[in-house]
Each structure stands twice: as C-alpha cells, then as structure tokens.
Amino acid sequence: MVSASMIDNAERFSPARCPRLIIKVGSALLVGADDEVRREWLETLTADIAERMRAGQQIAVVSSGAIALGARRLGLPGGGRNSLEDAQASAARGQIALAQVWAGVLDNEKLQAAQVLVTLGDLEDRRRYLNASATLDRLLSLGVIPIINENDTVATERIRFGDNDRLAARVAQAAEADGVILLSDIDGLYDSNPHSNPDAKLIPVVAEIDDRIQAMADGKSSSGMGSGGMLSKIEAAKIAAGAGIDLAIISGHDDHALKHFFDTGHGTVFHGEGTHGARKAWLAGGLTEEGVITIDKGAVAALQNGKSLLPAGALRIEGEFSRGDLVLILDAKGNKVARGLVEYDYSDACRIVGRRSEDVQAILGYAPRSALVHRSHMAVL
C-alpha cells in the first residue's frame, strides 16, 4: 500500500513542482563488479530521464564512475584509489569513457549530453560559481543534459568535494534547481543500520535535520566503491534544504529506478525549508572556510534574529584570513551557527574580540566597520 506521505514524496519531484531536477548516479550503480558500465541498467535509467524530459522537466546528471572506469583501462590496482596520483590518472582516462557512455545512451533517446567538470573552487569562489551557474542555466534551457562530475584530474585531497552527494546539492544551488534525487545503493534513511538490524525502519520524510537525524548516519558506503555514505547524503540534504531544494534518497539497484520512485514515492525525502536568496544560499552551502569565529549565547540569539555579529559577541578567533574571506561562526559548544564574509583581517579581528563597538576605533587607530560579520554578508545555518 502506498501511503499519503509517499504520494507527496513523488509529487514533489513532478515536472509541475520541480521544473529543474538534478539526478546523482553513484559508482556502485553505474559500474559493475567487472569494472565495466552496467549498460542495460543505464539504458533503463535514460529511458526514465527521457520520459521526464518529454513531460517538460529539465534534468542534469551528476555521475560518478570515472575513476573506476579509468583504473580498469589503465590496469591500476585498488580501483585507482591507492594514491592521489593513481586517482588523478584514472580520472583523466575514465572521464573520456564515462562521457562516451552517457552521450551514447542519451543519443539513443534523441537527447544531447554535455560534459561539465568542476572543482571545489569553481563553486566556492563567488565569481566562478556565477560562471558555472550561467553555463548550467544555458545548457538546461537548450534542452541539453549536462553530465557533471568533479574534476578529479586536478583536484587534491585538500581541495575537493570528496563525494558526489554534496557536489549534487551544490550543483543544484548553482543551477537553481528545485529538487535533487540521489540514486543510491540503499533505498533511504533508516532509524538504524538495516544491514545489521533487520527491524530497522525506513524514514519516508525528514522535515528538519536535527541531532536525531544526524545520528542515524554512519558515514560508510555499503558497496565499498563510492567515497560517500549516508553521512555525505545527510550533508548534501543540509546544503539543499538551506536553499529550499527538496532532496530524495532512493534505491537505484533495479531497472527503471526513477520510474519506480515516481510511481511509488518509496525512499526518503528531505524537505527544502530554506528561504535564503541566491547569494546567501551560496554562503550557507560553502564547504571551505578560511577561519572560525566562536561566539557567546547573546551573539547566537542576535544572529538568529537577523542581527550582525559585533566584536563584543566574539569569544575566540582561529585561522589566517583576510577581509572578505568566508568564515564559519560557531557557538561555545562548537555547533555551527552561520557562515559569512568577515569584515576585518585576522590580526585586527583578534585585537577587538570581545570589545565594545565604541572602543574599537581607539584599539585599531582607524574608524571601525559596523560589524565583525555584517548580516548582509551572512547566512544563518
């Protein structure tokens, strides 16, 4: 029996309510045990995509699999992940194979594919983010399906997304999408690990990601092939929700996985609840910060009420940053409160921590700015 919540799950991703959709396909689904593409399965997926496109939905695909495919062709052990150099070489070879596969199966459905490779910096730097956004918007408006992946050929261990779940959510922000579907090796979020607990229950709807929901993620991929797990999917859902984007985790194992979801709504859907504008959504979804500012209870309340962060509310500052860099704002217990662009260089910020606004000019020797982090350049998390 299909419940009312599952019907709503499917309806949220209909062309009428979700004109622009991002679909993420993981390595374990796309690549079989022989390290070759599961082409017959992929053809059923692209048939589902074609059906949605004909119904008026614009779709982009975030596709894993390049490293696995490249490692097979280069004869590298460990799936190409034994070292950063092996992963980069595998990605360089595998991206060609991956693009050819997607172009071929979509061509069979009379659809055009375009390859888009991005790095973490492309979506963390504001100007490059806007460039990526414009490119995606143009491709989608032309009826082309962008096939998107992290550019692992040049990414490093430090400067990379590390998983395509978060990449899909960040791409959804840049593309101004309405929904994200993560095709996974598990059919949703459970209240405990279904692999070890046969009585685990699927959670069909998550209206808010709180500590209870966070605790349900174990951070492990059941296949061992992907780089993410349920933890990365929860993080992706946070990014999407902050921009008002719905995100679904569904099983991709069976043929016509998308059609099955659209027919039944079976999976877990995280409701997009954010009201951020485009710029604040970009701030909220940021994955790299140049520094951290820890604040007191009064400042937490002020930020949650739409106020700026003043020096008096800061308890501690860490990191080397310059004015205009992105910083993370934490409460005294280490919980994330906000992200924003700092108004002072690190050295001056340290000098005015905890000081009243009227004292700042005397300390710094110049007219102070109105806030440590201004509300106009801040997204509360």
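The table below gives the values:
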item: The stretch 118-138: number of residues that are without any contact (Cβ under 8 Å) to a residue 60 or more places away in the chain and either among the aromatic types (Phe, Trp, Tyr) or more than 30 Å from Val327 (Cα to Cα) (or both); result: 1
item: Per-region count, the stretch 344-367, residues assigned to a loop (DSSP other than H, G, I, E, B) and in contact (Cβ under 8 Å) with a residue 40 or more places away in the chain; result: 5
item: Residues (in contact with a Gly (Cβ under 8 Å, 6 or more places away or on another chain), assigned to a helix (DSSP H, G or I) and within 23 Å of Ile181 (Cβ to Cβ)) located in the stretch 46-93; result: Met53, Ala66, Ile67, Ala68, Leu69
item: Yes/no for Ala371 being part of a loop (DSSP other than H, G, I, E, B), in contact with a strand residue (DSSP E or B) (Cβ under 8 Å, 6 or more places away or on another chain), in contact (Cβ under 8 Å) with a residue 40 or more places away in the chain and outside the structural domain of Ile213 (by TED's automatic domain parsing); result: yes
item: Unique residue being part of a loop (DSSP other than H, G, I, E, B), modelled with pLDDT of 85 or more, under 18 Å from the mean Cα position of the chain (by Cα) and surrounded by 17 or more Cβ atoms within 10 Å (Cβ to Cβ) when the list is Ala236, Ala177, Ala169; result: Ala177
item: Any hit, the stretch 348-367, residues being within 20 Å of Ala281 (Cα to Cα) and among the basic types (Lys, Arg); result: no
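Each row is one residue, and each column tells you yes or no for (1) touching a Ser or Thr at 6+ places or on another chain (Cβ under 7 Å); (2) within 25 Å of Ser14 (Cβ to Cβ).
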{"site": "Arg38", "(1), (2)": "no, no"}
{"site": "Gly70", "(1), (2)": "yes, no"}
{"site": "Ser83", "(1), (2)": "no, no"}
{"site": "Gly104", "(1), (2)": "no, no"}
{"site": "Gln112", "(1), (2)": "no, yes"}
{"site": "Leu130", "(1), (2)": "no, no"}
{"site": "Ala134", "(1), (2)": "no, no"}
{"site": "Val144", "(1), (2)": "no, yes"}
{"site": "Ile147", "(1), (2)": "yes, yes"}
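The values are calculated or read from the model by the stated rules, or taken from the named source; none is laboratory data. The model shown is predicted, which means the values in this text are computed figures rather than measured ones. Note: ideal-geometry Cβ built from the backbone for every residue, glycine included; neighbour counts use all protein chains shown.
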